[in-house]
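The values are calculated or read from the model by the stated rules, or taken from the named source; none is laboratory data. Just so we're clear, the structure is a prediction, and the values are computed from it rather than from any experiment. Quick reminder, even Gly has a Cβ in these numbers, built from the backbone with ideal geometry, and neighbours come from all protein chains shown.
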Amino acid sequence: MNTKIKILHLEDLPEDAELVEYELRKGNINFEKRIVDNKKDYESALGDFNPDIILSDHSLPSFDSFQALAILNEKKLHIPFILITATMSEEFAVDIMKRGASDYVLKDRLQRLPSAVTNSIAKRRLEDEQQAAHERLRLHIENTPLGFIEWDNQGFVKSWSKRAEEIFGWTGKEFIEIQNGFGEVYKEDLSWVSKILEPLISGEVERNKVQHQNTTKDGRMIWCEWFNSVLKDKEGKVKTIMSLVQDITEQKQMEWQKDNFLSIVSHELKTPLTTIKAYGQIAESMLEEKEDIEILDMVKRMSSQVNKLTILVQDLLDFTRTQKGKLLYNEDFYDFNELIKEVIDDMQKINFTHTIQYNAGKTATIFGDRNKLNQVANNLISNAVKYSPKAANIVVTTELQSDGIKLSVQDFGIGISVQNQAYVFEQFYRVNKDNQSTFPGMGIGLYISAEIVAKQYGKIWVESIIDKGSTFHVWLPFDHRVKNA
Ligand code: ADP
């Protein structure tokens, strides 16, 4: 050992002290030493000498190693302590180690002392480092907004951090009592906890993330986000389950407020829009009668923009409704091809850039929400127009199949890469988000369309090649109640 270590030696016999020094030198220990033989000097040496290790004879005239160890413990000093003694019974050895000694060396085996000193210091350093790492981790755990809960492999609480206590109001001990059937019980929460932990305990999944409402000790309902993961032993058996939990009630409330706001705004916008649209149609037919081509053209262009706005507002309204799970469906029988024809005619009337070609196959009567399907077709055709600015045609095809009917909307526009095709039905996903001025949009049209189609037990998918164009397909069963009754 090259660095100089400070040794505090509790010894009253100079000859013994010399012997110890001799062995340490022989063992190449680089040290400085202070010798004390009473309590007072020992205590002051702990303060001003600041030893790296203490070597101690067991009994001194007015002091002994037990007392010396007790002082160390009392002062919470984590200094390695080696007992040097003439004799040592097994019981005594156990006793002194229990009191906190790091090692003991017999006086007639002093050759072992240098390695005992080196090892004890190294061991204590490692323990200190581990302790510091543990302390750092504990601080992180206590100071994050996340509560930390550890469950055993039966789903019973093993540890419960202070933050978890702040979130739920229960202390870990109280929750254990609840789990054991004592204390106040919120049965829904308990059964929910077991349901969430079950797949982790059984090893079915390694981790899961759940948002759920939980009840606090004072009976409040809060929203929590849980991140749970399994810790396994070497044999792969589940040892514990670690949960990180965050109170997201405020976040949820803000989301609701935002959704509410959007829903009110879109609702308020829709009413005047409907009126404008109706007056536009009346104006168009009056101008047609008068054959006032110039103003008729202007009104048509205005109607085209009003229509775009109507789709946007409808999408927004539906989006807020899907978020709340409140998208209402009004179902009945309708003729599929007739509906598609209607959508195309309406769209063509207000579209001056593209010709919408209709390849109608055999039609079928479908049971479902006609208006919502109108909206899906509208979305697909207006996307086809929007994302093919250089093309002149859109091709709409319907095809009767044995188990349902298929609608395809093909454009010859910018296309979507295979990688992005997987995401276009997700909310807010926009491939060309950096190009808002060329391709304006909110990224919710396809998401809503997919929701509507899924609700009717249908399918929606896309085939596309970059710079060649895209074809969006929708397949619907004739009557979704039949299969899913
Ligand atoms: P928006 O068009 O408002 O952005 P959508 O949900 O309708 O939202 O579409 C999501 C994304 O899918 C669009 O932003 C666009 O990148 C891509 N996309 C949709 N339809 C087409 C299409 N016909 N051609 C190319 N890209 C499309």
Kindly indicate the residue of the range 378-430 that is of a type in the set (S, T, N, Q) and farther than 30 Å from GLN323 by Cβ and also nearest to the ligand (Cβ to nearest atom) among those meeting that condition.
SER388
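Residues of the range 343-366 being touching a Phe, Trp or Tyr at 6+ places or on another chain (Cβ under 7 Å) and either of a type outside the set (S, T, N, Q) or part of a loop (DSSP other than H, G, I, E, B) (or both), which ones? Talk me through it step by step, then tell me what you get.
If we filter the range 343-366 for residues that are touching a Phe, Trp or Tyr at 6+ places or on another chain (Cβ under 7 Å), which is where we start, we get 344, 363-366.
Matches in the range 343-366: ILE344, THR363, ALA364, ILE366.
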Residue in the range 322-348 that is farthest from HIS480 (Cα to Cα), counting only those that are surrounded by fewer than 14 Cβ atoms within 10 Å (Cβ to Cβ) and charged (D, E, K, R):
ASP345
Residue identified as at pLDDT below 95, over 33 Å from the mean Cα position of the chain (by Cα) and among the charged types (D, E, K, R) among LYS455, LYS483, LYS433:
LYS483
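With respect to ILE71, determine if the residue is assigned by TED's automatic domain parsing to the domain that holds ASN119 and within 10 Å of LEU8 (Cβ to Cβ).
Values: assigned by TED's automatic domain parsing to the domain that holds ASN119: yes; within 10 Å of LEU8 (Cβ to Cβ): no.
No; evaluated as a whole, the condition is false for this residue.
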Quick check on my filter: what residues within the range 48-91 are acidic (Asp, Glu) and either part of a strand (DSSP E or B) or within 18 Å of VAL105 (Cα to Cα) (or both)?
ASP52, ASP57, ASP64, GLU90, GLU91
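Test ALA45 against the criterion of being among the small types (Gly, Ala, Ser), surrounded by fewer than 16 Cβ atoms within 10 Å (Cβ to Cβ), at pLDDT 90 or above and assigned to a helix (DSSP H, G or I), and give yes or no. Break it down into steps so the answer makes sense when it comes.
Values: among the small types (Gly, Ala, Ser): yes; surrounded by fewer than 16 Cβ atoms within 10 Å (Cβ to Cβ): no; at pLDDT 90 or above: yes; assigned to a helix (DSSP H, G or I): yes.
Against the criterion (among the small types (Gly, Ala, Ser), surrounded by fewer than 16 Cβ atoms within 10 Å (Cβ to Cβ), at pLDDT 90 or above and assigned to a helix (DSSP H, G or I)), ALA45 does not qualify.
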Enumeration of residues in the range 277-291 that are surrounded by fewer than 14 Cβ atoms within 10 Å (Cβ to Cβ) and not polar (S, T, N, Q):
ALA278, TYR279, ILE282, MET286, GLU288, GLU289, LYS290, GLU291
Can you find, within the range 403-431, the residue that is nearest to VAL385 (Cα to Cα) among those that are free of Cβ contacts under 8 Å to residues at least 40 places away in the same chain and not hydrophobic (A, V, I, L, M, F, W, C)?
ARG430
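Condition check: out of contact with any helix residue (DSSP H, G or I) (no Cβ under 6 Å at 6 or more places or on another chain), more than 23 Å from LYS4 (Cβ to Cβ), among the β-branched types (Val, Ile, Thr) and in a helix (DSSP H, G or I). Does VAL94 satisfy that? Before the answer, list the steps.
Values: out of contact with any helix residue (DSSP H, G or I) (no Cβ under 6 Å at 6 or more places or on another chain): yes; more than 23 Å from LYS4 (Cβ to Cβ): yes; among the β-branched types (Val, Ile, Thr): yes; in a helix (DSSP H, G or I): yes.
The answer is yes for VAL94.
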